[in-house]
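Shown next, in structure tokens, is the structure this report addresses.
Read-outs: derived from the displayed coordinates by stated rules, not from any lab. Worth saying up front: this structure is predicted, and the values here are computed from it rather than measured. We place every Cβ from the backbone using ideal geometry, glycine too, and count neighbours over all the protein chains shown.
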Amino acid sequence: MNDGVRIEIDPKTGIGTILLDRPDQRNPLSTNMMRAVTTTLRDMADDERVRVVVLRASGPVFSAGHDLSEMIDRTIEDERVVFDVCTEMMDTVQAIPQPVIAAVQGPAIAAGCQLAASCDLVVASKAAVFGTPGVRIGLFCSTPMVAVTRAVGRKRAMQMLLTGETIDADTAADWGLVNIVVAPEDLESRTRELAVKIAASSPLTLAIGKQAFYRQIDLPQDEAYKLMAETMAANAVTCDAQEGMTAFLEKRTPVWKNE
């Protein structure tokens, strides 16, 4: 794509890769790039070859955040477009049926940190750092705050937001922003290993589970149990669930039909 996004689909593994590819500019999330990512995510959502999506970036920086050149001397209507496009992209990451794994090789800053936090899973290189430093340039990271707070909790999010300081990959893992921290040279292989493991499950079951997770996460416990009991009952009568349970009892590998 000419919007700073490259795409690769491996039908053998079921992995679809989205690559942010403006390394010379530190992969800024311009409106064109964000729209391209959103469109690609939706295309992959409808592609039966794709069971897991990996979001990567080229160069030493995952993403430095919004393209600030788009935000100088603009009207409030123009600024709203930037953040509406951003919100749509973040929502789409969680709305598509396939799990999305961020492979973070370097700094993920401001909206770049938001993008990583919005992904279902994050594998980070030890060279990665995460931060929401907008306060230092007079633009509080209010939209990144939504995703980051849900990942790390109130006090830790406020620390990042108010100080603008970055945290390293190990701290990000300890705080719940990152799942796995690896040596830089192992990032690609470890991410692929995780994606392949996930892709081995029924696509339908993964889609049901991902949607259910985000539906229940902020509900009171009694409402969550009620909704999830019904979700699990509906899941249990699908062909793939019946096949999976039967295969387990028969001690064989299940054959998924995605139905």
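Rounded to the nearest 5, the antiparallel percentage of DSSP beta bridges internal to the chain is 30%. Between ASN235, ASN179, ASN27, the GNM of the chain built on Cα springs shorter than 10 angstrom shows ASN235 fluctuating the most. Note on LYS251: lysines with a C-alpha under 24 Å away, same-chain residues under 8 apart excluded, are LYS197.
For the chain, the longest principal axis of the Cα atoms and the long axis of helix 142-152 meet at an angle of about 50 degrees. Taking θ as phi - 60° and the Karplus parameters 6.51, -1.76 and 1.60, the scalar couplings of the range 173-186 work out to 5, 5, 7, x, 7, 10, 8, 9, 10, 9, 5, x, 6, 9 Hz in sequence order, x denoting glycine and proline. Beta bridges assigned by DSSP with both partners in the range 28-174 are antiparallel in approximately 15 percent of cases. Mean-square fluctuations from a GNM of the chain, with a 10 angstrom spring cutoff on Cα atoms, peak among VAL52, VAL237, VAL146 at VAL237.
Sorted from fewest to most neighbouring beta carbons within 10 Å, what does the list ARG156, ARG51, ARG35, ARG74 look like? Present the calculation step by step, with values, prior to reporting the outcome.
Working: ARG156 19, ARG51 27, ARG35 15, ARG74 12.
If I rank by nearby Cβ atoms, fewest first, I get ARG74, ARG35, ARG156, ARG51.
The alpha-carbon positions of the chain define a convex hull whose volume is 142 Å³ per residue.
Compared with the alpha-carbon gap, the fully stretched path from LYS197 to ILE137 is longer by 17.4 nm at 0.36 nm per residue.
The spread of Cα positions in the range 161-259, taken along each principal axis and listed from longest to shortest, comes to 51, 38, 19 Å. Listed from fewest to most Cβ neighbours within 10 Å, the set VAL123, VAL81 follows the order VAL81, VAL123. Helix 187-199 against the longest principal axis of the chain: what's the angle in degrees, Cα atoms only, rounded to the nearest 10? Result, in degrees: 40.
This ranking places ASP78, ASP46, ASP120 by how few other beta-carbon atoms lie within 10 Å of each, fewest first, which gives ASP46, ASP78, ASP120. Taking each DSSP H run with n ≥ 4 as -39500 (n - 2.57) and averaging over every residue of the chain yields -15000 deg cm²/dmol at 222 nm.
The alpha-carbon atoms of the range 203-249 define a convex hull whose volume equals 70 cubic angstrom per residue.
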